[in-house]
Amino acid sequence: MLLMPALLALLVLTACGAKSSGSIVEGKANVVTTFYPIYEFTSEIGGDDINVINLLPVGVEPHDWTPRSQDIINTSKAQLFLYNGAGLEGWVPNFLKSLDSGSEVKAVAVSEGVDYIMTDEDDGHNHGGEAHAEDEHADEEHAEGEHADEEHADEAHADEEHADEAVGDSLHTDPHTWVSPKSALIMAENIKDSLIEADPEHQAGYEERYSKLVERLQALDSKFETELAKLPNKEIVVSHQAFAYLARDYGLSQHAIMGLSPDAEPRGQDLVNLAALVKEEGIKYIFFEELVSDKLAKTLAAEAGVETMVLNPVEGLTEAQEKNGDNYFTLMEKNLQNLIQALQ
């Protein structure tokens, strides 16, 4: 059992202070998105009719990021603020309170309508929305009396507590909705409806581009269903608990080293159980992801005598992926091919 303290000691994640890019463009509908999948879907549906600013910089894992003063300024001037919800962005309530008092931006949780998965794992997403040092710094840069419209805060607060109200404080909502193409379809529809409401003049273009995106998501969904149904094995071991929606929708069983957040420390006994599971079930690969440390997954794999492989939660792009022109669909296709190899 000497392996377990070593595994725990390897759980080291580093928050990144990189800044987001993009600025407001006059004469267009300006949309601020919180992280990559929402940015991609919004860009595809919006086309040239909108200007999209994505808050999360390339190469940054969303669980470790909080907004900066320029993000507040840009969002205050935008027409739409699109975030995932379901507890992913715990900073949203205070962020919306920090917007200029005259801001007319509408905040929309695009995962609304997804059949949420509840878990007793601690998500680490700061449901309380505690202020971050950057938020406090940004507030100092604003004049006194500049506060967000109370409706923004109410929307965010209601979203963060939506599922927990029904099941009690012991359960958390799994926020990783977009990892399943079935959930992505619901999110895309919410984005399309939000764009039409904010900019009805370009409704026809939004609907046309949305239809094309739906066709691609439906094709991806069908391919996942068909290919994964053929495989004899269904058990996957992943670095953090980001694949529950994918597992539920396509008949897999997820076993995670860490919890909903990749900085949630695993318990020693959980690691012992995982190592035993890998050996007993004949699991060939431990999956890791590129935006967080792979050391824990590789150490567990070495102990169990198996290999490692990427399973991407598509929370963001690395710099290399951006240069290569990767997107949600190319990354999900790679995920499918890796799952096929691992579960044969």
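Highest mean first, how do 253-260, 211-218 rank when packing is the count of other Cβ atoms within 10 Å averaged over residues? Intermediate values should be presented prior to the final figure.
Working: 253-260: 20.9, 211-218: 14.9.
Listed from highest to lowest mean packing, they are 253-260, 211-218.
Once each part is reduced to its C-alpha centroid, what is the distance from region 270-314 to region 25-64 in angstrom?
Region 270-314 and region 25-64 have Cα centres spaced 33 Å from each other.
At 0.36 nm per residue, minus the direct Cα-Cα distance, what do Ser23 and Lys223 gain on full extension? Give it in nm, one decimal, please. Could you put the intermediate results ahead of the total?
Details: separation 200, 0.36 × 200 = 72.00 nm, distance 3.74 nm.
68.3 nm is the gain from fully extending Ser23 to Lys223.
In nm, give the distance between the simple-model label positions of Asp193 and Lys234, each being 7 Å from the Cα along the Cα-to-Cβ direction.
3.2 nm
If you count, for each residue, the other Cβ atoms within 10 Å and average over each peptide, how do 183-189, 87-93 line up from highest to lowest? Mind showing how you got there, number by number?
Values: 183-189: 22.3, 87-93: 25.4.
Descending mean neighbour count gives 87-93, 183-189.
If I model a spin label as a point 7 Å beyond the Cα along the Cα-Cβ vector, how far apart are those points for Asn273 and Glu208 in nm?
5.4 nm
According to a simple spin-label model (label point 7 Å from Cα along Cα-to-Cβ), what is the distance in nm between Ser101 and Asn324?
For the pair Asn324/Ser101, the computed spacing is 5.1 nm.
A short reminder: the numbers here are calculations on the coordinates, not readings from a lab. From a predicted model like this one, the values you see are computed outputs, not experimental measurements. Virtual Cβ from ideal backbone geometry, glycine too; neighbours counted across all protein chains shown.
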